[in-house]
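No lab work stands behind these numbers, since they all come straight from the coordinates. Just so it is clear, the model here is predicted, and its values are computed rather than measured. A quick note on method: Cβ atoms are made from the backbone with ideal geometry, for glycine too, and the neighbour counts reach across all protein chains shown.
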Amino acid sequence: MSTSNMVVNPSPVSGANKVAYKGKSKRSFKRMLVVFSFLAPALILYILFMLYPMADAVRLSFFDWDGAAPAMNFVGGDNYTQLAQDPIFIKSLVNNFYWVLLSLLLMILPTLALSVLIGKLKRGKMFFRAGFYLPSVLSLAVIGVLWSKIYDPNYGAINVFLRQVGLGALAQNWLGEPSVVIPALVVTSTWAFYGTYMVLFLAGLQNIDQSMYEAADIDGAGPIRKFWNITVPSLRNTMNVVVSMVVIHALKGFGLVWIMTQGGPFYKSEVVATYVYKAAFSMNKVSYASAGSVVLGIIVIGLTIAFNYWRDKGE
Amino acid sequence: MRTGVAPWRNPQILLWAVLLVLLAIVTVPIFWAILASFKTNMEIVNQPFSLPKTWNFDNYVKAWNLGNFNSYFWNTTLITIGGMVLVLVVACPAGYAFAQMKFKGNNLLFYLFLLGMALPVQAIIIPVFYQLKTFGLVDSLSGVVLVSAGLALPFSVFLMRNSMKDIQKELRESAYVDGASEWRAFFSIMLPLAKPAVVALLVFTFMSIWNDFLLPLVLLISNDKFTLSLGLLSFQGENSTNFGLIFAGTVISMIPSIIVYLIFQRQFVEGMSEGAVK
């Protein structure tokens with residue numbers, strides 16, 4: 001956006017055009033009212049349900065409050081020092097970052113490979129794009145319930161299938177085994193969200209100049225070399241968007257964990273969002289939970305700004 | 001393309017075959033659930049991957065009536081429609097103002113809205129709960145509508161502003177010269193021209209509110225106010241071993257979003273790639 005939108009009228013106020021200026025300022029006041037009439041509803045809703053709660057979360061985090069008591073005690077940074085020493089909170093943060101790492105591994109290359117395949121189609125692109133996007137249309141509740149049944153140790157599709165093909169030894173309690181639970185959840189979340197990234201990759205692939213491939217063909221480059229030397233570098237922009245979205249999404253994860261494991265077994269799949277939710281709404285540690293949510297908010301907003309900064313710099 | 005080549009040597013046909021197999025693998029969970037919803041529990045355990053022997057709708061009837069899916073469905077519909085109307089009414093004028101009107105602080109205010117796109121719901125959900133409590137709006141559908149619309153606003157304003165920015169300013173100015181007021185220019189010129197974006201906005205809002213989980217979880221308390229997502233979860237808790245019944249509930253919950261998606265697929269996907277890349 002150009003800065004010319006910020007137009008002011010620097011007309012000098014001298015005796016000769018005082019009257020004219022008066023008329024102008026009246027008009028500009030009317031103009032402000034018109035602008036305001038367009039913006040006011042959005043501003044009110046936004047301030048009421050986003051900006052104010054954001055400030056309120058920060059305020060709450062400096063108090064000691066159980067959600068019901070009429071008085072709040074100011075405790076300064078106590079909640080934050082407590083968080084830093086809370087083994088479960090730290091465990092949740094670590095789990096979040098483990099989740100980020102696994103998501104990046106599972107999500108990006110397979111989705112890119114799939115998009116490249118779809119992009120090579122001469123006919124039926126729309127069909128496959130629509131079909132592969134289907135899981136992303138479902139609600140997290142549907143996906144969570146569906147996959148808890150798929151992972152069910154007795155009747156779940158995975159274990160039944162493994163036993164049928166004679167690999168019963170591999171069957172296990174996917175959501176109850178401490179070492180498997182996060183990878184199992186990340187597989188579900190990959191299934192739930194790859195559709196969005198596929199759409200972004202497909203859009204990015206469409207913008208690549210086809211003549212580069214033709215030139216590479218003349219040079220006798222094979223498909224793998226073309227992929228690494230043309231496709232991947234040309235998708236830099238899209239890749240930035242996708243990586244940042246995957247990271248931020250993984251940090252915000254709540255629904256699937258809550259529906260499938262509630263953080264169990266023994267906090268092995270606890271993430272910050274589920275821990276904060278428990279602290280606020282079942283342990284009545286409202287201000288403590290607020291501090292946790294502020295930490296999460298700062299990490300997410302900080303990373304978003306950092307990713308945008310890198311992207312702008314790279315352009 | 002050469003003629004007379006065996007089909008498996010034709011790369012396009014090979015590609016189709018590979019993608020079809022992949023698509024089948026990826027969508028297996030959905031079809032597994034749909035098939036199971038027509039089966040008895042015995043069949044689910046013994047023939048998990050076969051077609052049901054008889055297509056019986058018992059599970060659906062039970063889920064709809066006894067499982068309260070009837071009420072979950074209408075609650076979700078009311079919340080979603082309310083949220084869509086509110087977002088539409090509020091975000092379109094704001095997008096117009098940011099895209100087309102000159103005023104002091106335009107950029108600054110717009111960036112303030114963008115900040116909301118980065119803000120995770122989890123960071124504000126606790127104060128929002130206590131705020132609604134003071135308004136007496138906890139455990140009410142209108143509370144969920146208001147907050148859902150508030151949360152959808154940053155992206156919606158962003159989408160509308162971007163699409164209205166591409167519309168030529170001259171069109172609006174010519175109406176302006178004719179003496180039309182800003183609001184008339186908005187309704188008679190901008191809104192009709194921005195129709196594709198408005199449709200995309202409505203589809204997005206539908207998806208995000210219909211599928212939402214965290215907000216209803218925090219703001220709704222009694223079962224008769226539950227949305228499909230919450231209802232499905234509590235239904236699963238009550239019938240944890242009755243797979244057929246649970247899957248019937250799951251299918252009921254997913255049908256509306258699948259239908260809306262199939263109808264508006266193109267607007268949805270195009271809106272998404274534009275919104276994210278810009």
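Points to keep in mind about this one:
- Dividing the helix sum by the residues of the protein assembly as shown, where each DSSP H run of 4 or more adds -39500 (n - 2.57), gives a mean residue ellipticity at 222 nm of -23000 deg cm²/dmol.
- A crude spin-label estimate for the pair B:ASN56 and B:ALA17, with each label 7 Å from Cα along the Cβ direction, gives 4.2 nm.
- Relative to the Cα centre, the charge distribution of the protein assembly as shown, modelled as +1 at Lys and Arg Cβ and -1 at Asp and Glu Cβ, gives a dipole magnitude of about 1580 debye.
- In summary, the aspartates and glutamates within cross-link reach of B:LYS225, defined as a Cα separation below 15 angstrom excluding same-chain residues under 8 places away, comprise B:ASP139, B:ASP212.
- The stretch B:54-115: chymotrypsin sites (Phe, Trp or Tyr not before Pro) in DSSP loop, at most 16 other beta carbons within 10 Å: B:TRP55, B:PHE57
- Inter-chain Cβ neighbour average for residues B:25-33, partner chain, 10 Å: 5
- Percent RCO, i.e. relative contact order, over chain A, from Cα pairs under 8 Å lying at least 6 residues apart: 26 percent
- Rg followed by Dmax, in Å, when the stretch B:74-277 is reduced to its Cα trace: 19.5, 70
- Options A:PRO41, B:PHE186, A:ALA184, ranked by Cα towards positive dipole end of the protein assembly as shown, top entry (Cβ charges): B:PHE186
- Hydrodynamic radius of the stretch B:7-56 by the Kirkwood approach over all distinct alpha-carbon pairs: 12.7 Å.
- Over 30 Å between alpha carbons, listed pairs A:LYS268/B:LYS39; A:LYS149/B:LYS133; B:LYS104/B:LYS195; A:LYS278/A:LYS313; A:LYS252/B:LYS133; A:LYS91/A:LYS149: A:LYS268/B:LYS39; A:LYS149/B:LYS133; A:LYS278/A:LYS313
- For A:LYS226, the lysines whose Cα comes closer than 20 Å to its Cα, not counting residues fewer than 8 places off in the same chain, are A:LYS120, A:LYS122.
- Karplus (6.51, -1.76, 1.60) ³J(HN,Hα), θ = phi - 60°, over the stretch A:191-204, in Hz, Gly and Pro reported as x: 4, 6, 10, 4, x, 4, 5, 4, 4, 5, 4, 4, 5, x
- Using a Förster distance of 35 Å, the FRET efficiency for B:ILE263-A:GLN172 (Cβ separation, nearest 0.05): 0.30
- Considering only alpha-carbon pairs that sit under 8 angstrom and 6 or more positions apart, the relative contact order computed for chain B is 30 percent.
- Rounded FRET efficiency, nearest 0.05, which uses the C-beta distance separating B:SER234 from A:ARG236 and R0 of 60 Å: 0.85
- Coordinate range of the alpha-carbon atoms in chain A per principal axis, descending: 97, 72, 31 Å.
- Each Cα pair under 8 Å and six or more residues apart adds its separation to the average, and for the stretch A:167-315 the resulting relative contact order is 23 percent.
- Peptides A:107-115, B:31-39, B:154-162 ordered by packing proxy, namely the average of other Cβ atoms within 10 Å per residue, highest first: B:154-162, B:31-39, A:107-115.
- If R0 is taken as 30 Å, the Cβ-Cβ distance between B:LYS102 and A:LEU303 corresponds to a FRET efficiency of 0.30.
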